[in-house]
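Structure record follows, encoded as structure tokens.
The values are calculated or read from the model by the stated rules, or taken from the named source; none is laboratory data. Everything numeric in this text was worked out from a predicted model, so none of it was measured. Every residue, glycine as well, gets a Cβ built from its backbone with ideal geometry; the counts of neighbours run over all protein chains shown. Accessible surface areas use protein heavy atoms only, side chains included; no ligands, DNA or RNA. Shrake-Rupley method; radii C 1.70, N 1.55, O 1.52, S 1.80 Å.
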Amino acid sequence: GHSAASTWNRATIRPYHATRHQSQRGLTRRRRSRLHNNSSQKRSELHASTSTADVDSIDDSDDSSPSLVQDGLAGITVAFSLLSKAIACSAIVGVNPLVGIWSSVVMGLTAPLMGARDGVISGTAAVVIVPLSALTQTHGVEYMAPCILVSAILQGLFGVFRLAKTADLVSEQVLAGFLNGLGFILLLSQASVFRAAKATGALVPCISMASLCFSIVQILPHFTKAIPSSLVGLVVATVVGSILKLPLATLSSTAAEGTFSGGLSSLPHLVHLGQLRKQLVSPTSLKLVMPAAISITIIALVETLLSGKVVDDMTGQTLCTPSTDKNETSDKKDIPTRSVLAMSVGNTLSSLLGGFGGCGLIPQTVLNLKSGGGGPFSSISYAVAMASFVLFFAPLVGRISEAALAGIMIAIAYDTVSWGASMKAIMATMKPESHSVGRGVVSRAQRLIELLALGLTSYICFFGNLAVGIIAGVSVQRGMLSIYNRRWGSSGEGKAEAA
């Protein structure tokens, strides 16, 4: 798998290719000129879609663009993986289980229609639910709608003033730390499934079916990618458990009665606009919801923008990755901004329909791409599938084994953790004192600072708060590198830069 944290390494593509071409001493001056002209011509032809320096990787990416069928199947897989999470988030907030599902539907439909980054999956996010649940458990669920709406307004201001570029402050090491923390949080979130199974004496069957699903998800892509491995694993593990009559919990057995009855009565309803308006103009209400709204805004912005960079890394594109190319199209530059504005609109609509919105989801985005998706239709398919689960296929969905869903989520957690970038940072500290990398000569002290930033971010994100972990990681890394530059930056090794 690809490490999402290697995104920033793409900034070294240009100098790498320049060095490689210069080292080919067998080329004549005329042949070099012809290669340069051909490369420039290819860049011009592809300028409308993207402006990356590696033309060959663009061609490969274009040739492997997902079809509507692939997008559709991937979207269905994502919907299955997010279904139990949406229900669980609803329980944490203290609302009907369907609220989380419809929140995901609204976010999934809004993102592609508003021009957000293709391939990114938006929906109910557990990291957003944490500050929201603290509010609702203390002051009641009636403050959920104004909190989400205020957060949506803050996100909209962030997009209107084009502040999405501030996400570029997040270095490769901080991103890796964030992904590590998120991956292990996601892994531990499945512990409740096994604790519940142990309480009922079904721990061994639960572990067996989760392991079966995990194995299929990881092994099947080595043989075929025609069918999403996650969908196959989910179906096989559920069917096997049913045939063997294993005492496994299902979605319907753990939800409230009538949750999966289906029908038009399950559709969301508009909130009381008069009451919402009174809350928004009340200083007391705003004082209560503002802390949670600010926390939600920060976390949602970070995860949405980083989700776009994860797609860049896994597809070899640079649509949401910082670039120094002044000739790139403004359309490319605006994709992160459009993603933020799409999130703001989605959260606004969700709050008006009694939902709690969401943001871009890195784990589900990874699952979408690994399942063969990546186009805008994958997000639409996922949203339509979620709605269909409630309206038409609720009884069948209710039979899905929670052990099978746990297997999928564990696979997502494994793929989310930035194993490659973490090992790279550790191994880099063992290199010689002055080690040459793509961005120049980097001293061991600089590499130790980068490893410290990665470790600190991972620790705070896992044990503390995701938003605080990112802010702390960026602050510590840039602060220490700034001190290093002032004292030793001119000693002959060049100034340090955040990767």
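Structure summary
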{"read-out": "Members of the range 416-426 that are assigned to a helix (DSSP H, G or I) and open to solvent by less than 40 Å² (accessible area, probe 1.4 Å)", "value": "T416, A421, S422, A425"}
{"read-out": "Selection from the range 171-195 of residues that are among the small types (G, A, S) and in contact (Cβ under 8 Å) with a residue 60 or more places away in the chain", "value": "S171, A176, G177, G181, G183, S189"}
{"read-out": "Matching residues in the range 370-423 - criterion: being within 20 Å of M107 (Cβ to Cβ) and free of Cβ contacts under 8 Å to residues at least 40 places away in the same chain", "value": "S388"}
{"read-out": "Residue within the range 164-186 that is under 19 Å from A126 (Cβ atoms), open to solvent by 70 Å² or more (accessible area, probe 1.4 Å) and either out of contact with any Gly (no Cβ under 9 Å at 6 or more places or on another chain) or modelled with pLDDT of 95 or more (or both) present", "value": "yes"}
{"read-out": "Test set (1) in contact (Cβ under 8 Å) with a residue 60 or more places away in the chain; (2) in contact with a helix residue (DSSP H, G or I) (Cβ under 6 Å, 6 or more places away or on another chain) - D168 fails condition number", "value": "(2)"}
{"read-out": "Residue match in the range 128-147 (condition: among the hydrophobic types (A, V, I, L, M, F, W, C), at negative phi and in contact with a strand residue (DSSP E or B) (Cβ under 9 Å, 6 or more places away or on another chain))", "value": "yes"}
{"read-out": "Cβ pairs under 8 Å, 6+ apart, first in the range 343-355 and under 18 Å from G94 (Cα atoms) and hydrophobic (A, V, I, L, M, F, W, C), second open to solvent by 50 Å² or more (accessible area, probe 1.4 Å) and assigned to a helix (DSSP H, G or I)", "value": "L352/L273"}
{"read-out": "Among (1) under 27 Å from the mean Cα position of the chain (by Cα); (2) under 27 Å from W102 (Cβ atoms); (3) among the polar types (S, T, N, Q); (4) open to solvent by 40 Å² or more (accessible area, probe 1.4 Å), the one test that T238 misses", "value": "(4)"}
{"read-out": "Per-region count, the range 439-464, residues crowded, with 16+ Cβ neighbours inside 10 Å and free of Cβ contacts under 8 Å to residues at least 24 places away in the same chain", "value": "1"}
{"read-out": "Positions within the range 70-119 being aliphatic (A, V, I, L, M), under 15 Å from P376 (Cα atoms) and not in a helix (DSSP H, G or I), in sequence order", "value": "M114, A116"}
{"read-out": "The range 421-443, residues that are at pLDDT 80 or above and within 19 Å of D313 (Cα to Cα)", "value": "A421, S422, M423, K424, A425"}
{"read-out": "Selection count, the range 351-371, where residues are over 14 Å from S81 (Cβ atoms) and open to solvent by 10 Å² or more (accessible area, probe 1.4 Å)", "value": "3"}
{"read-out": "Qualifying residue in the range 17-38 (condition: modelled with pLDDT of 85 or more, surrounded by fewer than 19 Cβ atoms within 10 Å (Cβ to Cβ) and more than 22 Å from the chain's Cα centre (by Cα))", "value": "no"}
{"read-out": "Failed criterion for L248 (all others in (1) under 19 Å from V397 (Cβ atoms); (2) buried (at least 18 other Cβ atoms within 10 Å of the Cβ); (3) touching a Leu at 6+ places or on another chain (Cβ under 9 Å) hold)", "value": "(3)"}
{"read-out": "Yes/no for F214 being within 24 Å of the chain's Cα centre (by Cα), hydrophobic (A, V, I, L, M, F, W, C) and buried (at least 20 other Cβ atoms within 10 Å of the Cβ)", "value": "yes"}
{"read-out": "Pick from the range 372-390, criterion among the polar types (S, T, N, Q) and open to solvent by 10 Å² or more (accessible area, probe 1.4 Å), ranking: modelled with the highest pLDDT", "value": "S381"}
{"read-out": "Any hit, the range 114-133, residues being at pLDDT below 90, surrounded by 13 or more Cβ atoms within 10 Å (Cβ to Cβ) and among the polar types (S, T, N, Q)", "value": "yes"}
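For every residue, the table says whether it meets (1) surrounded by fewer than 17 Cβ atoms within 10 Å (Cβ to Cβ); (2) in contact (Cβ under 8 Å) with a residue 12 or more places away in the chain; (3) over 30 Å from C461 (Cβ atoms).
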site: A256; (1), (2), (3): yes, yes, yes
site: F260; (1), (2), (3): no, yes, yes
site: L264; (1), (2), (3): yes, yes, yes
site: S285; (1), (2), (3): no, yes, yes
site: T297; (1), (2), (3): no, yes, no
site: T304; (1), (2), (3): no, yes, no
site: K309; (1), (2), (3): no, yes, no
